[in-house]
Amino acid sequence: MDKSENIFLKILDIFTHFLLINILWLIFCIPIITIFPATAALFGVVRKWTSEGIEAGMLSLFMKEFKGNFKKSFLIGIIWSIAAVILYLDFAIMLQVEFMGRMVLLTLLIFVTMLYMFTTIYIFFILVNYELTILHTIKNALFISISYIFHTILCMLLISIVLILTYFVPIFLLIFGSVLAFILYQVFHRLSYRIHETRAAN
């Protein structure tokens, strides 16, 4: 077996891992209420792949991460879903009702929604890397999203690119979740070094 065949088999192996873990993630997301635990498990898997490679495993690793983070991620998922509904209802009301100070409140609501989106990006990274309470997980995710705004914008850009690519190339749906989680985790992983260096310097 020559070098080119080895490279091809390695690429095929990596693709297969991303494909299967993405399918597994989608299956666990089907009940809707398990989206947060399933996504936390997906990030747990890519965290392990980042440090040990895909040889670290897949199915058993996903199940371990799913069970280990289930309670906390499930509760955060409920809180986040309620927050999303509240934001949606607020927007619906403000866009239909005219009153004094409407534009000020609408601007404030847009700002809060942006913070909500920014915080969401970092929640799963915090979940799988640190043993924190639910409140501290959310607070740290919010703090990091604001403190490292350029990384946050980069993550938003990456998410947008992957979503657009998936829209125009539907077959990408088969691996979009796992690939996006892996790419985002690389950004988070490098960012964590900066955070530790900053704290050490202080």
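Figures for the structure shown
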| quantity | calculated |
| --- | --- |
| The chain: angle of helix 176-201 to the longest principal axis, Cα-based, in degrees nearest 10 | 80 |
| Under 13 Å, Cβ to Cβ, from Gly53 - net charge with Lys/Arg +1 and Asp/Glu -1 | 0 |
| Calculated FRET efficiency for the pair Gln96/Ile153, C-beta based, R₀ 22 Å, to 0.05 | 0.10 |
| ³J(HN,Hα), Karplus 6.51/-1.76/1.60, whole Hz, each residue of the range 114-124, x for Gly, Pro | 5, 5, 4, 5, 4, 5, 4, 4, 8, 4, 5 |
| Where labels lie 7 Å past Cα in the beta-carbon direction, separation of Ile32 and Thr16 in nm | 3.6 |
| Distance from the range 24-38 to the range 127-176 (C-alpha centre basis), Å | 17 |
| Rg/Rg_globular for the chain, with Rg_globular taken as 2.2 N^0.38 Å and Rg from C-alpha atoms | 1.15 |
| Cα long-axis angle, helix 35-52 against the chain (0 to 90 degrees, to the nearest 10) | 40 |
| Local electrostatic count, Tyr185, Cβ distance below 12 Å [Lys/Arg +1, Asp/Glu -1] | +3 |
| Close Lys-Lys pairs in the chain, where close means Cα under 16 Å and separation is 8 or more or interchain | 4 |
| Using alpha-carbon coordinates, inclination of helix 3-29 to the longest axis of the chain, degrees | 40 |
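Every read-out reported here was derived from the displayed coordinates using simple, explicitly stated rules and does not represent laboratory data. This is a predicted model, so every value here is computed, not measured. Note that each Cβ is placed from the backbone with ideal geometry, even for glycine, and that neighbours are counted across all protein chains shown.
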